[in-house]
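The values are calculated or read from the model by the stated rules, or taken from the named source; none is laboratory data. Being a predicted model, the structure only gives us computed values, none of them experimental. Here the Cβ positions follow ideal geometry from the backbone for every residue, glycine too, while neighbour counts run over all protein chains shown.
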Amino acid sequence: MKSLEALNSFAEKIWSHLIAEYLQWEPYFGTREKDDLEVAIPAPEGSNAVHLVIFTTEGKDLWVRFSSPCTRV
């Protein structure tokens, strides 16, 4: 992941909350666009989800989705 300082304040806040609860997800943290956060956590074995994706947009919105748009878990 790029430097934490590169994140906007909203993305940094989300990063802080997620890392406090799920330290094991740290390798999956990255950036999206220029200063938003994107986290892509691999799905458990046997799942069709591929990844759980958490990301921020424009420093104000939080999104949670699966990698595939039509996923059965």
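Quick check on my filter: what residues within the stretch 24-40 are surrounded by fewer than 18 Cβ atoms within 10 Å (Cβ to Cβ), out of contact with any Lys or Arg (no Cβ under 9 Å at 6 or more places or on another chain) and either touching a residue at least 60 places away in the same chain (Cβ under 8 Å) or more than 12 Å from Gly59 (Cα to Cα) (or both)?
Within the stretch 24-40, Gln24, Trp25, Glu26, Pro27, Ala40 meet the criteria.
Of the numbered conditions (1) modelled with pLDDT of 95 or more; (2) among the β-branched types (Val, Ile, Thr); (3) exposed (fewer than 13 other Cβ atoms within 10 Å of the Cβ), Val73 fails exactly one; give the number of that condition.
(1)
When you check Ala11 against the structure, is it among the small types (Gly, Ala, Ser), surrounded by 15 or more Cβ atoms within 10 Å (Cβ to Cβ) and farther than 20 Å from Phe66 by Cβ, yes or no?
Here the answer is yes, as Ala11 does meet what is asked.
So for the stretch 56-63 (the condition being surrounded by fewer than 14 Cβ atoms within 10 Å (Cβ to Cβ), within 9 Å of the chain's Cα centre (by Cα), part of a strand (DSSP E or B) and modelled with pLDDT of 95 or more), does at least one residue qualify?
Within the stretch 56-63, one or more residues are surrounded by fewer than 14 Cβ atoms within 10 Å (Cβ to Cβ), within 9 Å of the chain's Cα centre (by Cα), part of a strand (DSSP E or B) and modelled with pLDDT of 95 or more.
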